[in-house]
Amino acid sequence: MTVQDSRQKYTPYLVAALVVVAVLAVVFLIIRNPAEETTAEPTTEAQTGQVALSGDAQAIAEARGLSPDDVVAALKTYVPSGQPDEYVIFSSGGHSGQVLVIGVPSMRLLKVIGVFTPEPWQGWGYGAESTMKVLEEGRVNGRDVLWADTHHPALSETNGDYDGDWLFINDKANARVAVIDLRDFETKQIVKNPIALNDHGGTMVTPNTDWVIEGGQYAAPLGWKYASLDQYAEEYRGMVTFWKFDRESGRILPEESFALELPPYWQDLCDAGKKVSDGWVFCNSFNTEMATGGVEEGNPPFEAGASQRDMDYLHIINLNKAAELVAAGKYEEVNGFKVLPLDVLTAEKVLFFAPEPKSPHGVDVAPNGDYLVVSGKLDPHVTVYSFEKIMQAIEAGPTETDEYGVPILNFDDVVEAQVEVGLGPLHTQFDNQGYAYTSLFLDSAVARWTLGGDYAEKNPDEPWTLVSKIPVNYNIGHLVAAEGDTVDPDGKYLVALNKWAIDRFVNVGPLLPQNFQLIDISQPGTQMQLLYDMPIGLGEPHYAQMIKADKLHAWEVYPEVGWDPHTQSKSPYATMPGEERVERNGNTVEIWMTAVRSHFTPEHIEIKKGDHVIWHITNIERAKDATHGFALPGYNINLSIEPGETVTFEFDAVEDGVFSYYCTEFCSALHLEMTGYLLVQP
Ligand code: CUK
Ligand code: CUA
């Protein structure tokens, strides 16, 4: 059946379904309102007007010019006040260097987590030692880099399914990876890749989060040493890094991590194998031409030079074997970091290539780990590789190699299917009905197509065929379906992460918002429905993951009073009521302070100009909403002290004068009185 046919076939049913839902919606609203009226307090005119209007949903729909589709969409996204969402999206915050937390289906923004960039509300990077330490870990050669091009968040997994414990995200610009603890939604660690300045294929995790993958992008001499572009083939290299994650300490362990030296192709996205392909990792590459640009010297420009060949190489990596070789000491060190050299990879059969249509972008492993979907940006097809066939081809022994000696598998031996999906395919997600969804950048659409093999039992459509497309606005990059990159996708919802939103929102100037579009994918066949547009006022978010909300188990307050969120244990500086004090030791003044609604103790602190100040504040509250802020003007100090937390900061009192410190959260009726004087004597 063609797409056109199936559309015609389903259209009458679709219309009928929409009408039924719309009628139900109206009935629902009518039935619901009398109850509200009976419990209502004496009403004002405005309230009466509201009740009358909402009692007639039809009238509202007409007055607002809403179609039945609009009404259905509104009902599917509306989450009543006071109710939580069913799913939570963790999205890259793009250049902001942060992570966005969004509820689905309401698309309400829940939090912006400070990661690579200071964030004032959370007191992230404004004095609190536990936050300054993490940002300092992100320095590059001793220089602060306080922004990031965040790309791919990765939720931790257990047996290939999200477990709601940890979140990782990479900074493409500076090759850094951050670790966020989902007990308190705070960043605990940033690691700077010691061998590369930029990355792209990260972060992705292996099915039990043993390894966090960070694939490279633009080749350079490892350790970013100098080498002339004339020596590109000899001196420049690609890489993929495997960061060892330790759940116990909640940290990446750099000393147990390692990288692979790869040919100087530009490695792009990666994905970890799962189930049958557990232990393997797959990365795309482009610029296997090894173009070095230089249009000003008469060379082909990068975009042409890097697209001359019809095929690039899918990298197929035996991660378990690589880890064994590292354990056996077969590595070299670059900037103190373990790197398995290319000749070891080829001799020990760790790395294989499979040709892939040129300039690919995403490689996405299907839920059972049996197929890999590669999207060639310049090819209207997705190419589906069979893991079983890859293993057979490796077993049979490839006969060809590239110029670095990496074995190349035969394309026809390892490809299962090619599905024509449309123009500019980038990334693929999966659902629970046997469908795959591929973002089409040039078409500005999402393609829904069928998987074959075991997945074909789940739906009646012909395997490996395009079923339908839904337009999105505009320029879609990634897309995210509910748990759509795990071993057990949920279906239901898909969000298209679109770039510049042309003509979608009120004009806010030449820099356009991004647009997250929520799509209902619960119904089969051609029935995908666009539900909601969510403008994102910072950019550019690349990838996001969507987890069932009930898998998250964050703390409501810190476990005990005096908690240090950086170590997730009791702080040695925890201060209980009655223990508040100021101690002087030479030129160092140490302050132990408590915060509770609505005062800081002590309220007067007298020191001398030139003193070094070490200041600890413990929020002794146990109530969920009893967060206090702390601002010390003139010294760039701003803290968020959540219930139970102990925060430490230090500064040199370089100026004399009167400094009133105060609480920056409206914590009580007497919040404005929650203040004190720091008196610095000349
Ligand atoms: S992404 Cu990084 S260029 Cu398609 Cu994963 Cu946007
Ligand atoms: Cu504490 Cu305001």
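The values are calculated or read from the model by the stated rules, or taken from the named source; none is laboratory data. In this text, all values refer to a predicted model and were calculated from it rather than measured experimentally. Note that each Cβ is placed from the backbone with ideal geometry, even for glycine, and that neighbours are counted across all protein chains shown. All accessible areas refer to the heavy atoms of the entire protein, side chains included, with ligands and DNA or RNA removed. Shrake-Rupley method; radii C 1.70, N 1.55, O 1.52, S 1.80 Å.
Here are some notes:
- Residues 528, 311, sorted by accessible area with the largest first, give 311, 528 [1.4 Å probe; ligands and nucleic acids excluded].
- Placing unit charges on the Cβ atoms of the charged side chains and taking the dipole of the chain about its Cα centre, the candidate lying farthest along the positive direction among 487, 320, 264 is 487.
- Of 598, 681, 663, farthest towards positive along the dipole that unit charges on Lys, Arg, Asp, Glu beta carbons give region 563-681: 598
- By definition, a body whose alpha carbon gyration tensor gives a ≥ b ≥ c is oblate when a/c is 1.5 or more and a/b is not larger than b/c, and the chain fits this oblate description.
- Packing around the peptides 331-343, 212-224, 634-646, taken as the average count of other Cβ atoms within 10 Å per residue, puts them in this order, highest first: 212-224, 634-646, 331-343.
- The dipole here belongs to region 485-591: it is taken about the Cα centre, uses +1 on the Cβ of Lys and Arg and -1 on the Cβ of Asp and Glu, and is about 260 debye.
- Projecting the Cα atoms of 525, 189, 365 onto the charge dipole of the chain, computed from C-beta unit charges around the Cα centre, puts 525 farthest toward the positive end.
- With every protein chain in place, region 217-348: carbon and sulfur % of accessible area (1.4 Å): 49
- Theoretical gain in end-to-end length, residue 551 to residue 576 [0.36 nm per residue, Cα-Cα removed]: 5.6 nm
- Taking Cα centre as origin and charging only the Cβ of basic (Lys, Arg, +1) and acidic (Asp, Glu, -1) residues, the dipole magnitude of region 87-551 rounds to 1200 debye.
- Cα-projected label distance for residue 229 with residue 290, points at 7 Å along beta-carbon direction, nm: 1.6
- Residue 324 paired with residue 658, simple spin-label distance in nm, labels 7 Å along Cα-to-beta-carbon: 7.4
- Residue 183 accessible area, 1.4 Å probe, all protein chains in place, Å² to nearest 10: 80
- Mean residue ellipticity (222 nm) of the chain, computed from DSSP H runs ≥ 4 via -39,500 (n - 2.57), nearest 500: -4500 deg cm²/dmol
- Per-residue surface analysis assigns residue 667 an accessible area of about 20 Å², computed on protein heavy atoms at 1.4 Å probe radius.
- Accessible area (Å², 1.4 Å probe, nearest 10) - residue 147: 110
- Relative contact order (percent, whole number), region 196-320, Cα cutoff 8 Å, 6+ residue spacing: 22
- For region 551-682, a crude dipole built from +1 on the beta carbon of Lys and Arg and -1 on the beta carbon of Asp and Glu, taken about the Cα centre, is about 200 debye to the nearest 20.
- Residue-count net charge about residue 268 - beta-carbon cut-off 14 Å; Lys, Arg +1, Asp, Glu -1: -3
- Accessible area of the chain divided out per residue, in Å², using a probe of 1.4 angstrom: 41
- For the chain, the cysteines with no partner cysteine C-beta closer than 4.7 Å are 663, 667.
- Separation between Cα centres of region 106-178 and region 197-251, rounded to whole Å: 18
- Segments 491-498, 185-192 sorted - mean Cβ within 10 Å per residue, highest first: 491-498, 185-192
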